[in-house]
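Remarks on the structure that follows.
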Amino acid sequence: MKSIIVRSLHNQVIQELGQQIVSGELAAGKSLPREELLAESMSVSRTALREAMKVLSAKGLIESRQKTGTRVREAVHWNQLDADVLAWRCASMPTDTFIEELVEMREIIEPAAAAAAARRHTPEQLTVIKDAYEAMAAAEDLDAWATADLAFHESLLRATNNGLLTSLFSVIETALGTYFLMSARNSANFKLALPQHFKVYEAVRRRQPEAARQGMLKLVADSRSNVHHRPGKSRTA
């Protein structure tokens, strides 16, 4: 029981300090209080604190040195694809920098993934893509739409039959989910993107890699415009 409590407390410290660092509340270069003082202020044992600090250090958020103590590191050193770091960045959304980084990553990865899916998908994988599309069509609210949209993009990555791309989705899932919800929320009608999703699906179904690539490029570009669009004005995305 004691080890469970320690793990719970050290996770509490990880979440609290991680969010403060990623949000900028604890600025880069800032020194953290001495171990005994920090443990006391957070109402945790020094054992739980030490375990948490090891995790935050592994994520690249902090560094400890013998003479200078523990300091917050610059964002360039963070493990940006760590699931927790992405979740903490999403929690402080929207930030233009994060949105642009995510869009750029999508532009690089997803069109190529759609083309690969058009070449390599199995009948079973195509069915999963179709089911996700139909769930989008049937969605009656933003949350249902965003969930189905995320499933659509996940199913495309899985249909590449590339293990690295499939693993990548599990890392960026939280960020993409937040992004899709933002895009849908900013649209006059969150289903305006449905026809473009169908074009991507059809290109994959017909095994037309270049059409799938171009369709996904258009989908990402429309989504980017929509995320930056102020609610209240009509825009197709």
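Some values worked out for this structure:
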quantity	calculated
Matching residues in the stretch 115-128 - criterion: being surrounded by 22 or more Cβ atoms within 10 Å (Cβ to Cβ) and within 18 Å of E173 (Cβ to Cβ)	A117
Which listed residue, of K199, K191, is at pLDDT 95 or above, over 22 Å from D96 (Cβ atoms) and of a type in the set (K, R)	K199
Among (1) closer than 22 Å to I108 by Cα; (2) at pLDDT 90 or above - the single one S170 does not satisfy	(2)
Every residue from the stretch 43-58 that is assigned to a loop (DSSP other than H, G, I, E, B) and open to solvent by less than 20 Å² (accessible area, probe 1.4 Å)	V44
Any hit, the stretch 60-77, residues being open to solvent by less than 20 Å² (accessible area, probe 1.4 Å), over 30 Å from Q214 (Cα atoms) and part of a helix (DSSP H, G or I)	no
Residues being over 20 Å from the mean Cα position of the chain (by Cα), within 18 Å of P195 (Cα to Cα) and surrounded by fewer than 20 Cβ atoms within 10 Å (Cβ to Cβ) - total across the stretch 129-167	9
Looking only at the stretch 27-65, and only at residues there that are in contact with a strand residue (DSSP E or B) (Cβ under 9 Å, 6 or more places away or on another chain) and among the hydroxyl-bearing types (S, T, Y), the one that is farthest from L17 (Cα to Cα)	S64
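The values are calculated or read from the model by the stated rules, or taken from the named source; none is laboratory data. Predicted, not measured: the structure shown is a model, and the values here were computed from it. Neighbour counts run over all protein chains shown; Cβ positions are idealised from the backbone, glycine included. These accessible areas exclude ligands, DNA and RNA; they are computed on the full protein's heavy atoms, side chains included. Shrake-Rupley method; radii C 1.70, N 1.55, O 1.52, S 1.80 Å.
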